[in-house]
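What follows draws every value from the coordinates through simple rules; no lab data is involved. Being a predicted model, the structure only gives us computed values, none of them experimental. Every residue, glycine as well, gets a Cβ built from its backbone with ideal geometry; the counts of neighbours run over all protein chains shown.
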Amino acid sequence: MSPAYSPEPPALMIHNLPVKKLTHKDFTIEGYSRAAVQTYWRVPELKLGFDLGAQPWSFMGTPTWFVSHTHMDHVVALPVYVARRRMMKMEPPTIYLPEAALEPVRRILRMFSRLDRGRLPCELVPTAPGQEIELSREHVVTVSPTVHTVPSLGFILWERRKKLKEEYRQLSGEQIRDLRLGGTEVTNEIRYPRVAYLGDSAPGGLDSCAAMFEAEVLIMELTFVAPGHRKDKIHKFGHMHLDDLLERRDRFRNELIIAAHFSTRYHPRQVRHHVEKALPDMLDGRLHLWI
């Protein structure tokens, strides 16, 4: 007699892409990035992600994405992701992307829809530096300029809270209620940068946005780490070198720094060797290498 077949849930059966995971306070950071191969990150608690260079099956339920730029290792899985959500009868996702990418991506989706003979429903939202995107009453995303070879963006996820204004702190609850009912604004909005996503960028992308250095979690590229690689050439092509991190080590106030997007010319052992030699304390244990 043949053994009984016991199917596993799809999420357990499909392991098609690497996903690393790290929990910090109330957020989980999941994803993976390797230069010229694939980049994808998400914060599942907030149902948002950054970049779609590949699409792990487990990421399909995340409905909101922020695309930093349109190099293929950061955006090529967008049609697949949209098609899978339609196939599973999920709501169309919302995808924020650089303004210059809007029409080309629309055309690509139309072509794939024609080839696939299936609809690819999604909301594409053009996004520019300085913009604020409301996610909820508690969270907002701001957009910053980065420095790359194509139009590119960085993103800061902020938590916002209401704090009673100083002049009303001695009042009773009833008095504060009466002021509110009378139309007086009795609180200020306080923002806390929780997660910063640099995307691919030369150092100017960090330097132009102070919140990158202040966010609790910073996800940054560190494409090149070997001493012999020329920084001027690396910066010209919109990337970071380990020396750039070293030069700014005193500016990083982040509680957790995830460095990734390492060049494929390095073996993981080489990455660890170069970084740990230059930074034996790993920024007081805050620096994590995702390789």
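Here's the picture: charge each Lys and Arg Cβ at +1 and each Asp and Glu Cβ at -1 in the chain, and of SER58, GLY183, VAL147 the one pushed furthest to the positive end of that dipole is SER58.
Got the relative contact order for the chain handy, in percent, Cα pairs under 8 Å and 6 or more residues apart? Let's see the in-between values first.
Details: 578 pairs, mean separation 37.5, N = 291.
This gives 13 percent for the chain.
Each listed q (0.11, 0.17 Å⁻¹) maps to a log10 I(q)/I(0) for the range 155-291 from the Debye sum over equal C-alpha point scatterers, namely -0.51, -0.87. Taking 1.306 mPa s as the viscosity and 10 °C as the temperature, the Stokes-Einstein diffusion coefficient of the range 118-169 based on its alpha-carbon Kirkwood radius rounds to 114 µm²/s.
What's the extension gain from LYS277 to HIS24 if we count 0.36 nm per residue and subtract their Cα-Cα distance?
Result: 88.5 nm gained on full extension.
Relative contact order, whole percent, for the range 208-248 stands at 36, derived from Cα pairs under 8 Å and 6 or more residues apart.
Looking at the range 190-291, which GluC sites (Glu not before Pro) are in a loop (DSSP not H, G, I, E or B) and have at most 15 other Cβ atoms within 10 Å?
Details: sites: GLU214, GLU216, GLU221, GLU247, GLU255, GLU276; in loops: GLU216, GLU255.
Of the GluC sites (Glu not before Pro), the ones in loops of the range 190-291 whose Cβ has at most 15 other Cβ atoms within 10 Å are GLU255.
Placing pseudo-labels 7 Å out from each Cα toward the beta carbon at ARG248 and GLU132 gives an inter-label distance of 2.4 nm. Rg and Dmax over the alpha-carbon atoms of the range 30-80 stand at 9.7, 28 Å. Taken along the Cα-to-beta-carbon direction at a fixed 7 Å, the label points for MET90 and ALA226 span 3.9 nm. Taking amide H as placed 1.01 Å from N in the peptide plane, the amide H of HIS239 sits under 5 Å from that of ALA202, each at least 5 places away or on another chain. For the chain, the dipole from Cβ point charges (+1 on Lys and Arg, -1 on Asp and Glu) about the Cα centre works out to 860 debye, to the nearest 20. Its relative contact order, with pairs defined as Cα atoms under 8 Å and 6+ residues apart, puts the range 68-178 at 23 percent. The slack in the chain from ASP284 to ALA36, taken as 0.36 nm per residue of separation less the alpha-carbon distance, amounts to 86.3 nm. Here the spin labels are modelled as points 7 Å beyond Cα on the Cα-Cβ line, and at ALA210 and THR149 they lie 3.4 nm apart.
Counting only Cβ charges, +1 for Lys and Arg and -1 for Asp and Glu, the dipole size of the range 56-155 around its Cα centre is about 640 debye. You can think of it this way: the chain between VAL125 and ALA100 has 7.9 nm of extra reach, that is 0.36 nm per residue less the Cα-Cα gap.
If you average the alpha carbon positions of the range 11-64 and of the range 219-291, how far apart do those two centres end up, in angstrom? First find each Cα centre; the distance between them is then 21 Å.
What dipole magnitude, in Debye to the nearest 20, does the range 164-291 give about its Cα centre under +1 on Lys/Arg Cβ and -1 on Asp/Glu Cβ?
Values: 19 positive and 20 negative charges, 126 e Å.
Roughly 600 debye for the range 164-291.
Only one residue of ALA215, HIS229, PHE252 has its Cα farthest out toward the positive end of the dipole of the range 211-255, where Lys and Arg carry +1 and Asp and Glu -1 on Cβ, and that residue is HIS229. P(r) for the chain, from all Cα pairs and a bin width of 5 Å, is 1, 5, 11, 15, 16, 15, 11, 9, 7, 5, 3, 2, 1, 0, 0, 0, 0 %, short bins first.
Only sites in a loop by DSSP and with at most 16 other Cβ atoms within 10 Å count here; which chymotrypsin sites (Phe, Trp or Tyr not before Pro) in the range 216-291 make the cut?
On the way: sites: PHE224, PHE237, PHE252, PHE262, TYR266, TRP290; in loops: PHE237, PHE252, TYR266, TRP290.
Taking the range 216-291 and a limit of 16 other Cβ atoms within 10 Å, the loop chymotrypsin sites (Phe, Trp or Tyr not before Pro) found are PHE237.
Please report, largest first and rounded to whole Å, the three semi-axes of the ellipsoid equivalent to the range 186-229, where each semi-axis is the square root of five times an eigenvalue of the C-alpha gyration tensor.
On the way: eigenvalues 176, 19, 10 Å².
Here the semi-axes work out to 30, 10, 7 Å.
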